[in-house]
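K.L.:
Please read through the structure below; I'll follow up with questions.
A short reminder: the numbers here are calculations on the coordinates, not readings from a lab. Here the structure is a predicted model, which means the values were calculated and not measured. For neighbour counting, all protein chains shown are included, and Cβ atoms are generated from backbone atoms with ideal geometry for every residue, glycine included.
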Amino acid sequence: MRLRIRPETAEQPWHATLEDREGSGRVEFDSPLELARHLAQVGRLEPRGKLR
């Protein structure tokens, strides 16, 4: 997975994009809390050792 985070600036709000390694799946986040909740959910669903 690839995580790209664009910090908040005076011109643009905070934003993050999470992509799978193949580039076929992508999830967009508009807040750090939204990203944290998603990562916590993924951590519960994936068997230990599969997340890298």
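K.L.:
With each label point set 7 Å from Cα along the Cα-Cβ vector, what nm distance links ARG21 and ARG4?
P.N.:
Taking the simple label geometry, ARG21 and ARG4 are separated by 2.0 nm.
K.L.:
Lys and Arg at +1, Asp and Glu at -1: add these up for the other residues within a Cβ distance under 13 Å of ARG6 and post the number.
P.N.:
-3
K.L.:
Treat each spin label as a single point 7 Å out from the Cα along the C-beta direction, and report the GLU34 to TRP14 distance in nm.
P.N.:
1.2
K.L.:
From the phi of every residue in segment 29-36, what ³J(HN,Hα) in whole Hz does the Karplus formula 6.51 cos²θ - 1.76 cosθ + 1.60 yield, where θ is phi - 60° and glycine or proline is x?
P.N.:
Computed from phi, the couplings for segment 29-36 are 10, 9, 8, x, 5, 4, 5, 4 Hz.
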